[in-house]
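Asker: Questions regarding the structure given below will be posed in turn.
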Amino acid sequence: MGLPPLPDAAVLLGATAPTWRDAMRLAGGALVASGAATDEYTDAMVGMVEEHGPYIVISPGLAFAHARPGGAVLRDGLAVVTLASPVAFGHPHNDPVRVVLGLAVAGVGTHLESIGEIANLFNDATVTGRIADATTADEVRTIMGVSA
């Protein structure tokens, strides 16, 4: 299946976020701007971290923002936010975060497949830094191997 497309509206480079919640809201806002999710999905992503802690910081410098599939997801979507200044999420080993990857998926099966695709992509330890340093949405898409 692969990852969902990454339209220009879902890429925000060099953004400013004073807190992890702000960084999550930027990723959620990018999913909303691309038509993949509603504002309620953004709230759900923030709620997941509030409830379960910073488990979404899956590798050094990378947060994987997501929530459960549901009515707040309009279609499968992907968002990438790079931060001008890294933000602490409270993870003991992988803070601070430079890249926030947002994922919205409509179905449970697709959710698990997409998580697997993301894990495979970020097995290459250089990917997070390359995305953090990207200057265009096209460059991010090339690094990630996704379409617009």
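Asker: Kindly list the number of the only condition in (1) touching a helix residue (DSSP H, G or I) at 6+ places or on another chain (Cβ under 8 Å); (2) of a type in the set (Asp, Glu); (3) surrounded by fewer than 18 Cβ atoms within 10 Å (Cβ to Cβ) that fails for ASP133.
Answerer: Looking at each condition in turn, ASP133 falls short on (1).
Asker: Which members of region 55-108 meet the condition of being without any contact (Cβ under 8 Å) to a residue 40 or more places away in the chain, part of a strand (DSSP E or B) and farther than 13 Å from ALA36 by Cβ?
Answerer: Scanning region 55-108 gives PRO86, ARG98, VAL99.
Asker: Also: Can you pull out the residues in region 5-33 that are in a helix (DSSP H, G or I) and either open to solvent by less than 30 Å² (accessible area, probe 1.4 Å) or of a type in the set (Asp, Glu) (or both)?
Answerer: The answer is ASP8, ALA10, ASP22, ALA23, MET24, ALA27, GLY28, ALA30, LEU31.
Asker: When you go through ALA65, ALA44, ALA72, ALA36 one by one, which is the residue that is open to solvent by 30 Å² or more (accessible area, probe 1.4 Å) and either of a type in the set (A, V, I, L, M) or under 21 Å from GLY2 (Cα atoms) (or both)?
Answerer: ALA44
Asker: Another question, if that's okay. I'd like the residue in region 120-130 that is of a type outside the set (Ser, Thr, Tyr), farther than 17 Å from ALA10 by Cβ and in contact (Cβ under 8 Å) with a residue 60 or more places away in the chain and, out of all such residues, is surrounded by the most Cβ atoms within 10 Å (Cβ to Cβ).
Answerer: Checking each candidate, the answer is PHE122.
Asker: Here are some residues: VAL140, VAL49. Which one is part of a helix (DSSP H, G or I), touching a strand residue (DSSP E or B) at 6+ places or on another chain (Cβ under 6 Å) and buried (at least 19 other Cβ atoms within 10 Å of the Cβ)?
Answerer: Result: VAL140 is the single residue among VAL140, VAL49 that is part of a helix (DSSP H, G or I), touching a strand residue (DSSP E or B) at 6+ places or on another chain (Cβ under 6 Å) and buried (at least 19 other Cβ atoms within 10 Å of the Cβ).
Asker: Moving on to the next point. Give me the pairs, please: first residue somewhere in region 9-33 and within 13 Å of VAL46 (Cβ to Cβ), second residue anywhere and of a type outside the set (S, T, N, Q) and part of a loop (DSSP other than H, G, I, E, B), beta-carbon distance under 7 Å, and either six or more positions apart or on two chains.
Answerer: Between residues of region 9-33 that are within 13 Å of VAL46 (Cβ to Cβ) and residues that are of a type outside the set (S, T, N, Q) and part of a loop (DSSP other than H, G, I, E, B), the close pairs are TRP20/ALA88; TRP20/PHE89; ALA23/ALA17; LEU26/ALA17.
Asker: Sticking with this structure for a sec: Kindly indicate whether GLY129 is on the phi > 0 side of the Ramachandran plot and either in contact with a His (Cβ under 8 Å, 6 or more places away or on another chain) or not acidic (Asp, Glu) (or both).
Answerer: No, not satisfied.
Asker: Could you check ARG130 against (1) within 24 Å of GLY71 (Cβ to Cβ); (2) more than 14 Å from the chain's Cα centre (by Cα); (3) not in a loop (DSSP other than H, G, I, E, B) and say which number it fails?
Answerer: It fails just one condition, (1).
The values are calculated or read from the model by the stated rules, or taken from the named source; none is laboratory data. Please read all numbers here as calculations on a predicted model, not as lab measurements. Reconstructed Cβ throughout: ideal geometry from the backbone, glycine too, with neighbour counts over all protein chains shown. To get the accessible areas, we keep the full protein, side chains included, count just its heavy atoms, and leave off ligands, DNA and RNA. Shrake-Rupley method; radii C 1.70, N 1.55, O 1.52, S 1.80 Å.
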